[in-house]
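Novice: Let me begin by handing over the structure; questions about it come next.
Just so you know, all these numbers are worked out from the coordinates, no wet-lab data involved. Everything quoted here is computed from the prediction, not taken from an experiment. Here the Cβ positions follow ideal geometry from the backbone for every residue, glycine too, while neighbour counts run over all protein chains shown.
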């Protein structure tokens, strides 16, 4: 993912709300969200080159998501895929705290990343741009290609949209607001652009919540909710890098039965 905004224990009906965009090169082979044959109970999209994923959830309620840290340093050949950090947690049984603290130690072997992991008891954030993992208190958080809550324009816009969603009168209203934010292609003003070493033109292209360029951009948007009763609703819209499509999944945490629809 390259944009994640979440409300963690901040809504009376939902213990978790996540809205996220995955930005990637269009040519990178990818499978849309679905149940993994080789990891029963794991729901996620799949990077068919690295084998991992950018965001997923399990029937047991384990959740994880990752963004890259924007860094112009070349990644050495043989560097492990960052997506394996997500699938490693989802496949495993370690607590969110234990896994985050482990990744804080071994994460230096990866290119720059931000990782969120939750096990139904707590949510943790870890990056290899800091020394240790951090447990997240209830609240609204935004994450892009810098560390948590770095106030890039797209992160500020996404957090504002999530806070508005939390105040919405009904689910349809806040759903519409979050999807609208995820499809927002308006670039930030030049004076608000970060300087990450890619040049002003590229910073402008990358500054909107939804990115569109010739070879790279937003490939999928995801909205995930977990209710207080443990009902999960996971919707992924693929918008680039393949035929436009939408998949939707509903299931109860702890139940083996699942349902999905593909309009």
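Novice: With each pseudo-label sitting 7 Å past Cα toward Cβ, what's the residue 31-residue 172 distance in nm, one decimal?
Specialist: About 3.6 nm separates the two model spin labels.
Novice: If you don't mind, there's one more thing I want to ask. According to the Kirkwood expression over distinct Cα-Cα pairs, how big is the hydrodynamic radius of region 122-178, in Å?
Specialist: 12.8
Novice: Taking only the C-alpha atoms, wrap a convex hull around region 108-209 and report its volume per residue in Å³ as a whole number.
Specialist: 130
Novice: What Rg and what Dmax come out for the chain when only alpha-carbon atoms are used, in angstroms?
Specialist: Computed over the Cα atoms of the chain, radius of gyration and Dmax are 17.1, 51 Å.
Novice: Roughly how compact is region 48-95, stated as its Cα Rg over 2.2 N^0.38 Å to two decimals?
Specialist: Dividing the Cα Rg of region 48-95 by 2.2 N^0.38 Å gives 1.29.
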